[in-house]
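The numbers here are math on the coordinates, done by the rules we state, and not lab data. For clarity, every value in this text was computed on a predicted model and none was experimentally measured. Neighbour counts are summed over all protein chains in view; Cβ atoms, including those assigned to glycine, are modelled from backbone coordinates with ideal geometry.
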Amino acid sequence: MWAYEKGFYQIYPLGFCGAPFENDGKLEHRILKVIDWIPHLKKLGVGAVLFNPIFESDTHGYNTRDYKKIDVRLGTNDDFKKVSKALHKEGIKVVLDGVFNHVGRGFFGFEDVLQKKWDSSYKDWFHINFDGNDAYNDGLWYEGWEGNYDLVKLNLWNEDVVNYLLDAVTSWIKDYDIDGLRLDVAYCLEQNFIKRLRNHVLSQKEDFYLVGEMIGGDYHKVMGPELCHSATNYECYKGLYSSFNSLNMFEIVHSLLRQFGPENWCLYRGEHLLSFVDNHDVSRIASTLTNEKHLPLIYAMMFGMPGIPTVYYGSEWGAKAHKSEGDPALRASFDKPQWNELTDVIAKLYKAKGESKALQYGDMKQLVLQNKYCIIEREFEDDRVMIAVNADENSVHIDCNFRAGRARDMISGEEIDFGGGLELPGYTAYILRPF
């Protein structure tokens, strides 16, 4: 699967493009801004762009009005065709956000229900009680997603609903040549629907990729041979920043061993979860870490551990925003991309991911683990790498059976001699490839 061999880049288009929060109905060709950023993506080494919602919605993209129309605030369908074609021309895959659990109140089927009530042919598309009432005083009650009534829950047991959604996905593949989907709140979706979706997309494109959003619980609820290829790894997201902030690498290594360790009982051994240190729903990592010198280290750990590393736009140069400031702060628009020392490191990490079968497919085991530093090993066939991280300001000398005396650091390009033990400087991360 191509997705296992690449690093992703996440864009929240409405924020990235500086669109107004409310859908004002005014056509603006903002999505073409992505084309201006392609040289930046190429320089970084991005393998795929994950776009959050791009279809017509009431406000934030997740309250969809029309699954077959690009949001007017972003542009036209032809505009996104140009974006997708330009990305594909540079070898960059395109993954869209599939919001299939719920729609907005402006969705055509729900508007028909509000107008015609029980006479609407769409009344069974939703979970509705005509004997009740809702907060909008519509004269009916309906199920909203987790109590949010601007998000009208779809009835995914209704064959017409499923066929409508599958037809929309077919149009996305046909019109934009998309390569994959992120399933929003996949933990809410019926497994039967995910199975139907997987069979459908693979019949359209045999290497189509599906990743399901999971916040907690067993990721196998949405991931497996008949379900999604991947799930979002929120357990390790938390483990990563918490380990650095508390100077306790035991937390992240424990999670990694629990998920991917060498024992057969490990939960997700051989799986490829979507890895990240931040995204459009959480504080940017530069605002979460208490020590900014840990920024390159946490990215090295994220790219080095099993999974599909994903960088959120702007965070590659250390943009800041805290969840307490609200979603608009997390989903900011930047006039142009920036490049600094952190971006340099991340570009080298993208390159390492693309070049190393061990980083793409390797098993994982622990070589060294102390509170402030650790070394994990990844190995696949004849390729082997060791990810060494020292979160402390002081250098540390490590004696270990490295099974080699010399290696090249895939981040700095430096040759490292550890025949007499490894000297790991303070605030340093290596991805060591023995030779």
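A few points about this structure:
- Inverse mean reciprocal Cα-Cα distance (Kirkwood Rh) of the range 1-133, Å: 16.3
- When the P(r) of the range 102-155 is calculated, the portion above 12 Å amounts to 59% of the C-alpha pairs.
- For the range 102-155: relative contact order, % (alpha-carbon pairs under 8 angstrom, 6 or more apart): 36
- Alpha-carbon centroid distance for the pair the range 350-396 / the range 263-306, whole angstrom: 13
- Among G304, G405, G75, residue whose mean-square fluctuation peaks in a GNM of the chain (springs only between Cα atoms under 10 Å): G405
- A simple charge model with +1 on the Cβ of Lys and Arg, -1 on the Cβ of Asp and Glu and nothing else charged puts the dipole of the range 329-394 at about 240 debye relative to its Cα centre.
- Whole-angstrom gap from the range 312-338 to the range 1-80, using each part's C-alpha centre: 15
- Computed FRET value (nearest 0.05) for D392 with K42, which takes r as the C-beta separation and R₀ as 45 Å: 0.80
- Given in Å, the Rg to one decimal and the Dmax to the nearest whole number for the Cα atoms of the range 363-434 are 11.3, 35.
- Put a plus charge on the Cβ of each Lys and Arg, a minus charge on the Cβ of each Asp and Glu, and nothing anywhere else: the dipole of the range 192-256 about its Cα centre is then about 220 debye.
- Radius 14 Å from Cβ of H397, net charge of other residues (Lys, Arg +1; Asp, Glu -1): -3
- Gaussian network model of the chain, springs between alpha carbon atoms under 10 Å - residue of Y312, Y142, Y176 with greatest fluctuation: Y142
- Whole-Hz ³J(HN,Hα) from phi, Karplus 6.51 cos²θ - 1.76 cosθ + 1.60, for the range 427-435, glycine and proline x: 6, 10, 10, 10, 10, 8, 10, x, 9
- Dipole axis of the chain (+1 Lys, Arg; -1 Asp, Glu on Cβ), positive-most option in S283, G326, W118: S283
- Stretching A135 away from A404 to a fully extended chain increases their span by 90.2 nm, per 0.36 nm per residue minus the current alpha-carbon distance.
- Annotation: aspartates and glutamates with alpha-carbon distance below 19 angstrom to K117 (same-chain offsets under eight excluded): D131, D134, D138, E143, D150, D160.
- Subset of K238/K293; K68/K205; K43/K93; K153/K205; K82/K336 violating a 22 Å alpha-carbon distance limit: K153/K205
- The modelled label-to-label distance for the pair Q191/E22, using points 7 Å beyond Cα in the direction of Cβ, is 4.4 nm.
- Here the range 363-434 is treated with +1 on each Lys and Arg Cβ and -1 on each Asp and Glu Cβ, and its dipole about the Cα centre works out to around 100 debye.
- Overall form of the chain per C-alpha gyration tensor (a/c, 1.5; a/b vs b/c): prolate
- The alpha-carbon atoms of the range 206-344, seen along their principal axes, cover 44, 37, 29 angstrom, with the largest extent given first.
- Once you reduce the range 406-435 and the range 110-163 to the center of their Cα atoms, the two points are 59 Å from each other.
- Value of relative contact order over the chain, rounded to a whole percent, pairs C-alpha under 8 Å and six or more apart: 13
- Label point at E292 placed 7 Å out along Cα→Cβ; residues across the range 320-339 whose backbone nitrogen lies under 12 Å: 320
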